[in-house]
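Visitor: Before I ask anything, here is the structure I am working with.
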Amino acid sequence: MEALTTDRLPTRKEIDAYGEAADKVYEKLRPQLEAEHWGKYIAIHPINGDYAIGRTDDAALNKMRQKYPGVAFYIIRIGYRAAIHFGGSGASDGKRPKRGPK
């Protein structure tokens, strides 16, 4: 699999494969990330496993864009099922967190 780029629209199959690869990277890092960076955002390069963390999705993305111009990244909000949600808590365990570790 090659890195997806921002110069063309990827196929659904490519997007799914990219997401699965990024999920594997996240799962390896999950314990450390959730202990140290709960609620922040991680931008993952699914091909090489590199990542950047930021307080916002833009902050994480901008760090990765500096290293890998033109590449698409996978964004996850650390400790949540979704980076952006409508209603509900979005917490990974279905409960609204008081506040994650700093």
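Visitor: Can you tell me which residue in the range 59-102 is surrounded by the fewest Cβ atoms within 10 Å (Cβ to Cβ), limited to those that are small (G, A, S) and modelled with pLDDT of 85 or more?
Guide: In this case the residue turns out to be G70.
Visitor: While we're on this one: Yes or no: the range 9-18 includes at least one residue that is free of Cβ contacts under 8 Å to residues at least 24 places away in the same chain and touching a Leu at 6+ places or on another chain (Cβ under 8 Å). Spell out the reasoning first.
Guide: Residues of the range 9-18 free of Cβ contacts under 8 Å to residues at least 24 places away in the same chain: 9, 11-17.
If we keep only those that are touching a Leu at 6+ places or on another chain (Cβ under 8 Å) as well, we get 14-15.
Yes, there is a match, as at least one residue in the range 9-18 is free of Cβ contacts under 8 Å to residues at least 24 places away in the same chain and touching a Leu at 6+ places or on another chain (Cβ under 8 Å).
Visitor: Here is a further query. Give me the residue from the range 25-57 that is charged (D, E, K, R) and in contact with a helix residue (DSSP H, G or I) (Cβ under 9 Å, 6 or more places away or on another chain) and, out of that set, surrounded by the fewest Cβ atoms within 10 Å (Cβ to Cβ).
Guide: Step one: list which residues in the range 25-57 are charged (D, E, K, R), which gives 27-28, 30, 34, 36, 40, 50, 55, 57.
Right, trim to in contact with a helix residue (DSSP H, G or I) (Cβ under 9 Å, 6 or more places away or on another chain) and you get 40, 50.
Values: K40: 19, D50: 14.
Going through the qualifying residues, I end up with D50.
Visitor: Additional query: State all residues of the range 14-51 that are aromatic (F, W, Y) and either under 10 Å from the mean Cα position of the chain (by Cα) or farther than 20 Å from K63 by Cα (or both); if no residue qualifies, say none.
Guide: The first filter runs over the range 14-51 and keeps only residues aromatic (F, W, Y), leaving 18, 26, 38, 41, 51.
If the condition is that a residue be aromatic (F, W, Y) and either under 10 Å from the mean Cα position of the chain (by Cα) or farther than 20 Å from K63 by Cα (or both), then Y26, Y41, Y51 are the ones that fit.
Visitor: State whether one or more residues within the range 50-58 are assigned to a loop (DSSP other than H, G, I, E, B), at pLDDT 50 or above and on the phi > 0 side of the Ramachandran plot.
Guide: As a first pass, look at the range 50-58 and keep what is assigned to a loop (DSSP other than H, G, I, E, B): 50, 55-56.
If we keep only those that are at pLDDT 50 or above as well, we get 50, 55-56.
Now drop any that are not on the phi > 0 side of the Ramachandran plot, which leaves none.
Scanning the range 50-58 turns up no residue that is assigned to a loop (DSSP other than H, G, I, E, B), at pLDDT 50 or above and on the phi > 0 side of the Ramachandran plot.
The values are calculated or read from the model by the stated rules, or taken from the named source; none is laboratory data. Since the structure is predicted, the reported quantities are computational estimates derived from the model, not experimental observations. No Cβ is skipped: glycine too gets one built from the backbone with ideal geometry, and neighbour counts run over all protein chains shown.
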